[in-house]
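Beneath this line is the structure, given in structure tokens, with notes to follow.
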Amino acid sequence: MMQLFWRFLTIGFLSIGGGYAIIPLIQEQIVDELHWLSEKVFSDIITISQMTPGPLAVNTSTFVGMQLFGIPGAIVATIGCISGGVVISLALAAFFQKKRESKPIQGLLAGLKAASVGLIMSAGLTILFLTLFNNSDLARLNWANLDWIALLLMGIMLFIMRKSKINPILLMIVSGIVGGIIYK
């Protein structure tokens, strides 16, 4: 369990951008390197984390810890994940208050924003590929494995969301119910 804490502490310290930007870091550590979870279980954890209240990174770390070691694992992973961010946020807030007019600091922030967008796009594509192909490795994508039902459901919900003012949470609930009926 100590390794779980250190992994999430490292992830917390290295995750700039939070939310979707942290998903590739968690996947690299927990799925790809340690093989503690399969891609499918991790994808399910991401889905549940998105639907529960609270920050995505915290929810994901909590559910990963819960999946691995129960409630103690959830607590350890969550504390590890948020500790790095708290320390970094406090240090950066003090630093940027002193240096907020500096051109190099403004350039640094612009670079960090660009990196965060790239990480968010990576997380989105990972979730998309896991949903549609049950695989996030581009080298192993096989169009024959495309889940046409998931693609159709995604398209319908995207169309409804764009053309109406229906609450996205309601659409997620409806999608979950339809998916539960179709994939049971």
Mind telling me which of the residues Lys113, Lys99, Lys103 ends up being farther than 20 Å from Gln50 by Cα, in the same structural domain as Trp6 (by TED's automatic domain parsing) and surrounded by fewer than 10 Cβ atoms within 10 Å (Cβ to Cβ)? Lys103
Test Ile173 against the criterion of being at pLDDT 90 or above and on the phi < 0 side of the Ramachandran plot, and give yes or no. yes
Of all residues in region 129-148 being polar (S, T, N, Q) and more than 22 Å from the chain's Cα centre (by Cα), the one that is surrounded by the most Cβ atoms within 10 Å (Cβ to Cβ): Asn145
Just to be sure I understand, how many residues within region 48-57 are under 11 Å from the mean Cα position of the chain (by Cα), surrounded by fewer than 16 Cβ atoms within 10 Å (Cβ to Cβ) and among the hydroxyl-bearing types (Ser, Thr, Tyr)? 0
Only one of these is part of a helix (DSSP H, G or I) and either in the same structural domain as Ile173 (by TED's automatic domain parsing) or more than 16 Å from Ser116 (Cα to Cα) (or both): Ile11, Ile48. Name it. Ile48
Can you spot a residue in region 96-115 that is of a type in the set (Ser, Thr, Tyr) and closer than 16 Å to Ile22 by Cα? no
Quick one: what pairs do we get from region 57-85, first residue free of Cβ contacts under 8 Å to residues at least 60 places away in the same chain and among the small types (Gly, Ala, Ser), second surrounded by fewer than 24 Cβ atoms within 10 Å (Cβ to Cβ) and not in a helix (DSSP H, G or I), C-beta under 6 Å, 6+ apart or different chains? Ala57/Gly18
Filtering region 152-179 down to residues that are surrounded by 10 or more Cβ atoms within 10 Å (Cβ to Cβ), outside any helix (DSSP H, G or I) and of a type in the set (Ser, Thr, Tyr) yields none
Looking for whichever is assigned by TED's automatic domain parsing to the domain that holds Val41 and either in contact with an Asp or Glu (Cβ under 9 Å, 6 or more places away or on another chain) or touching a residue at least 12 places away in the same chain (Cβ under 8 Å) (or both) here; the options are Leu108, Leu119. Which one fits? Leu119
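The values are calculated or read from the model by the stated rules, or taken from the named source; none is laboratory data. Keep in mind that this is a model prediction, so the values were computed, not measured. Ideal geometry is used to build each Cβ from the backbone, glycine not excepted, and the neighbour counts take in all protein chains shown.
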